[in-house]
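Trainee: The structure under discussion is supplied below as structure tokens; questions concerning it will follow.
The values are calculated or read from the model by the stated rules, or taken from the named source; none is laboratory data. All values derive from a computational prediction rather than experimental measurement. Glycine gets a Cβ as well: all are built from the backbone with ideal geometry, and neighbour counts include every protein chain shown. These accessible areas exclude ligands, DNA and RNA; they are computed on the full protein's heavy atoms, side chains included. Shrake-Rupley method; radii C 1.70, N 1.55, O 1.52, S 1.80 Å.
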Amino acid sequence: MSTTRIHRYFIKEIAVPTGLGLLIFTFVLLMGRILKLVEMVINKGVPFSETAKLFAYLLPAFLVITLPLALLLGILLGFGRLSTDSEIVALKSSGVSLYGMMKPVIALALLVCAATGVLTLFLEPAGNSAFRNQVFQIAMNRASVGIQPRVFNEEFDGLVLYANELDERRGVMEGVFISDERVGSTPSVILAQRGRVISQRDIQTLTMRLENGTIHRQPTGEGQSTYQIIAFDTYDINLNMGQQLPSAGNRRIKDSELTNAQILEARQKASSPAERKSYTVELHKRFILPLAPLVFALIGVPLGIQSHRSGRGGGFTLALVIFLIYYLLLSLAETLAIEGGLSPVPTLWLPTFLFMAGGAYLLHLAALERRLAWLDRLLEIPLRMKRRLGRKESPS
């Protein structure tokens, strides 16, 4: 068998479970958002096409996580199957070393690294920004078309809105009644002759502008017996369309929405060391995450060869454990860099370098055909649990 054919064979063994894992993991992550987005279609009257756009904008952020995890699962299952069928031994006996088998794996890992890099550096920031803008557009449309005359509207957080008449063409309401309970200690009732919803796209806020009305307040605190009536010619109320749309006081664009050039510019103009450090952490994360597939390739091959006795369930569990440990260490490093006062660059890169060094060491041991006793004991845990459950379920 030629070397090229062997490499294609390895890629096929890894690519199939990787593709299935990618679909499963991405679907699982999307499930957390599906219920909220489906509710927007059914209960809020949002068109399905606009909701589908939200799914598309969320996808890059999810693929940054699921692509490396799916590759790790594919390597563990692929090499586990080859080891179970003694194909690894047969290839070694025919002169193909473990390092030679690594060539197609590394090539596939570098391809996934490139795809993840495109996601973290370009598509994910663009998707985050587009998602936020789309949510605001949906909220604005809901505010303009969801208000019906002579119907109590509870779409706005902490507000109940009633309009006696509505001119749909101009968007002007007549005979407006509003119950405002956003400030619990001083709830108020607002009466106005007319009102209309104004959207400010530059700062992404919705404002209801009322004209010729009064505000009625009765403080509910202890010892408060006054009743306030405030007349106004014009009065603006900031509207919050729920958790999907942040409040007006929290409108700063998130670091994850900025392009690389915007992060560099913002870091230079940062007014405080903490803000400058936050931009530095975000920028380095975008270069660290694309290295995860290469890290998982170095770790996955030796562990896949040794974990063949645990079956596919063991490979799936092992992939999740490695993935969680790596990303928990990255999250810890990010926290230490931002809040712990540590230098961002070495702190953020340390988990990746440690995993790379550990993967290279495991690969060296696998090339020498040395088994890892601790891994055997770890993989025997689920097998023992299955045996105990089987004994309990079997009739006495």
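Trainee: Let me spell it out: the conditions are (1) without any contact (Cβ under 8 Å) to a residue 40 or more places away in the chain; (2) charged (D, E, K, R); (3) in a helix (DSSP H, G or I); (4) in contact with a Gly (Cβ under 9 Å, 6 or more places away or on another chain), and residue 81 meets all of them except one. Which number is the exception?
Mentor: The one condition residue 81 does not meet is (1).
Trainee: Can you tell me which of 51, 66 is open to solvent by less than 20 Å² (accessible area, probe 1.4 Å), part of a helix (DSSP H, G or I) and modelled with pLDDT of 95 or more?
Mentor: 66
Trainee: Looking for whichever is over 28 Å from residue 86 (Cβ atoms) and surrounded by fewer than 17 Cβ atoms within 10 Å (Cβ to Cβ) here; the options are 335, 347. Which one fits?
Mentor: Residue meeting the stated conditions: 335.
Trainee: Pairs needed: first member in the range 3-23, hydroxyl-bearing (Ser, Thr, Tyr); second member anywhere, surrounded by 14 or more Cβ atoms within 10 Å (Cβ to Cβ); C-beta distance under 7 Å; at least 6 residues apart or different chains.
Mentor: Going by the 7 Å Cβ cut-off, the qualifying pairs are 18/70; 18/71; 18/73; 18/74.
Trainee: How many residues are under 17 Å from residue 295 (Cβ atoms) and out of contact with any Ser or Thr (no Cβ under 9 Å at 6 or more places or on another chain) if we restrict to the range 311-328?
Mentor: Residues that pass the stated criteria total 9.
Trainee: For the structure I just gave you, tell me whether residue 175 is open to solvent by 30 Å² or more (accessible area, probe 1.4 Å), at pLDDT below 85 and not polar (S, T, N, Q).
Mentor: For residue 175, the condition - open to solvent by 30 Å² or more (accessible area, probe 1.4 Å), at pLDDT below 85 and not polar (S, T, N, Q) - is not met.
Trainee: In the range 208-247, how many are modelled with pLDDT under 85 and of a type in the set (Ser, Thr, Tyr)?
Mentor: Residues meeting the conditions: 5.
Trainee: So, one more: Could you say which residue among 29, 35 is surrounded by 15 or more Cβ atoms within 10 Å (Cβ to Cβ), without any contact (Cβ under 8 Å) to a residue 40 or more places away in the chain and within 25 Å of the chain's Cα centre (by Cα)?
Mentor: 29
Quick grid of which residues meet (1) over 30 Å from residue 195 (Cβ atoms); (2) surrounded by fewer than 19 Cβ atoms within 10 Å (Cβ to Cβ); (3) at pLDDT below 95; (4) of a type in the set (A, V, I, L, M):
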{"position": "56", "(1), (2), (3), (4)": "yes, yes, yes, yes"}
{"position": "70", "(1), (2), (3), (4)": "yes, no, no, yes"}
{"position": "78", "(1), (2), (3), (4)": "yes, no, yes, no"}
{"position": "112", "(1), (2), (3), (4)": "yes, no, no, yes"}
{"position": "128", "(1), (2), (3), (4)": "yes, no, yes, no"}
{"position": "140", "(1), (2), (3), (4)": "no, no, yes, yes"}
{"position": "144", "(1), (2), (3), (4)": "no, yes, yes, no"}
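Trainee: Which of the residues spanning the range 248-264 are modelled with pLDDT under 90 and farther than 16 Å from residue 130 by Cα?
Mentor: Of everything in the range 248-264, those that are modelled with pLDDT under 90 and farther than 16 Å from residue 130 by Cα turn out to be 248, 249, 250.
Trainee: Yes or no: the range 87-97 includes at least one residue that is outside any helix (DSSP H, G or I), among the β-branched types (Val, Ile, Thr) and open to solvent by 20 Å² or more (accessible area, probe 1.4 Å).
Mentor: Within the range 87-97, one or more residues are outside any helix (DSSP H, G or I), among the β-branched types (Val, Ile, Thr) and open to solvent by 20 Å² or more (accessible area, probe 1.4 Å).
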